[in-house]
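Below you'll find the structure, written out as structure tokens, and then a few comments.
The values are calculated or read from the model by the stated rules, or taken from the named source; none is laboratory data. As the structure is a prediction and not an experimental result, all values here were calculated from the model. Cβ atoms come from the backbone with ideal geometry, glycine included; neighbour counts cover every protein chain shown. Heavy atoms of the whole protein, side chains included, go into the accessibility calculation; ligands, DNA and RNA do not. Shrake-Rupley method; radii C 1.70, N 1.55, O 1.52, S 1.80 Å.
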Amino acid sequence: MSPAAFDLTGRVALVTGATRGIGMAMAGALAASGADIIAVGSTLGSDSPVVELVRSHGRSCATYQCDLTNRDDTRGLAAWASDRGAPDILINNAGAISRSPAVEHGDAQWDQIIELDLTSPFFLTREIGKQMIERGSGKILFTASLLSFQGGVNVASYTAAKSGIAGLTRALANEWAPLGINVNAIAPGYIATENTRPLREDPHRSEAILGRIPAGRWGDPQDIAGTAVFLCSSASDYVNGVVLPVDGGWLGR
């Protein structure tokens with residue numbers, strides 16, 4: 001296969017949750033492969049590190065600040081993006097996790113996580129997908145989780161949302177693959193981000209987690225970057241409905 005299959009020159013990628021961690025790593029990797037970026041985040045401004053990262057690769061970086069737990073904000077983002085012309089690539093990465101035993105998991109916790117991690121990605125994909133369908137092409141990538149496959153502990157809403165993302169990935173792929181749109185997901189393993197900080201700071205949990213990972217280390221956001229480029233490039237044109245683990249071997253243990 002020619003390296004040109006991974007070239008994203010001339011394409012525009014919208015990345016939610018691009019402020020830091022996995023989202024910023026994916027935005028940087030896509031920019032390094034030639035894509036211009038629309039970075040979306042709840043606290044993102046023109047001076048965000050992701051802007052500097054993207055521009056260091058010679059690509060443009062537009063920013064859009066919104067709260068994806070607010071449906072009006074999500075609709076506003078979808079309308080704004082559609083008015084600019086649908087991006088060639090949509091990465092639904094924004095998300096959060098809330099940890100507590102199920103009997104203590106309140107309604108507000110549940111609603112917030114389901115809204116951010118499942119509902120807003122669907123709304124955004126639905127609206128941008130309409131224009132991708134008209135154009136006859138597009139790459140859509142969700143950030144799933146190991147908890148798309150497993151139950152987890154004390155993370156009922158997150159597990160429900162990420163299990164939903166896996167199902168949504170397959171459902172949309174079934175509908176849209178014949179229309180020239182690839183819908184897939186990455187399931188990151190235990191990556192050193194803010195979401196996993198409580199686990200990494202707990203010596204017992206950290207030791208137990210590392211003991212199960214064949215690679216023997218926590219992942220880095222950059223470990224996700226190459227997979228994102230692959231799934232957003234023409235190299236993956238025959239990949240549809242996949243939830244691809246990038247987990248250091250965790251699921252294979």
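Of all residues in the stretch 1-40, those being open to solvent by less than 30 Å² (accessible area, probe 1.4 Å), assigned to a loop (DSSP other than H, G, I, E, B) and not small (Gly, Ala, Ser) number 1. Within the stretch 175-189, track down each residue that is over 15 Å from the mean Cα position of the chain (by Cα) and either within 19 Å of SER148 (Cα to Cα) or open to solvent by less than 10 Å² (accessible area, probe 1.4 Å) (or both). ILE181, the sole residue that qualifies. Screening the stretch 194-230 for residues that are over 20 Å from VAL50 (Cβ atoms) and among the small types (Gly, Ala, Ser) and picking the one that is surrounded by the most Cβ atoms within 10 Å (Cβ to Cβ) gives SER206. Considering the conditions (1) of a type outside the set (Val, Ile, Thr); (2) open to solvent by less than 10 Å² (accessible area, probe 1.4 Å); (3) closer than 23 Å to LEU30 by Cα, ALA161 is excluded by exactly one of them, (3). Within the stretch 165-174, is there a residue that is within 18 Å of LEU116 (Cβ to Cβ) and either surrounded by fewer than 19 Cβ atoms within 10 Å (Cβ to Cβ) or more than 15 Å from the chain's Cα centre (by Cα) (or both)? Yes: one or more hits. In this entry, TRP176 passes the filter for residues that are under 30 Å from ALA4 (Cβ atoms) and aromatic (Phe, Trp, Tyr).
Test of understanding: among ALA86, ALA94, ALA78, which residue is in contact with an Asp or Glu (Cβ under 6 Å, 6 or more places away or on another chain) and at negative phi? Quick ask: steps written out before the conclusion?
On the way: ALA86 fails: in contact with an Asp or Glu (Cβ under 6 Å, 6 or more places away or on another chain); ALA94 fails: in contact with an Asp or Glu (Cβ under 6 Å, 6 or more places away or on another chain).
Going through ALA86, ALA94, ALA78 in turn, the sole match is ALA78.
Across the stretch 44-61, what is the number of residues that are open to solvent by 30 Å² or more (accessible area, probe 1.4 Å), modelled with pLDDT under 95 and touching a strand residue (DSSP E or B) at 6+ places or on another chain (Cβ under 7 Å)? So the count comes out to 1.
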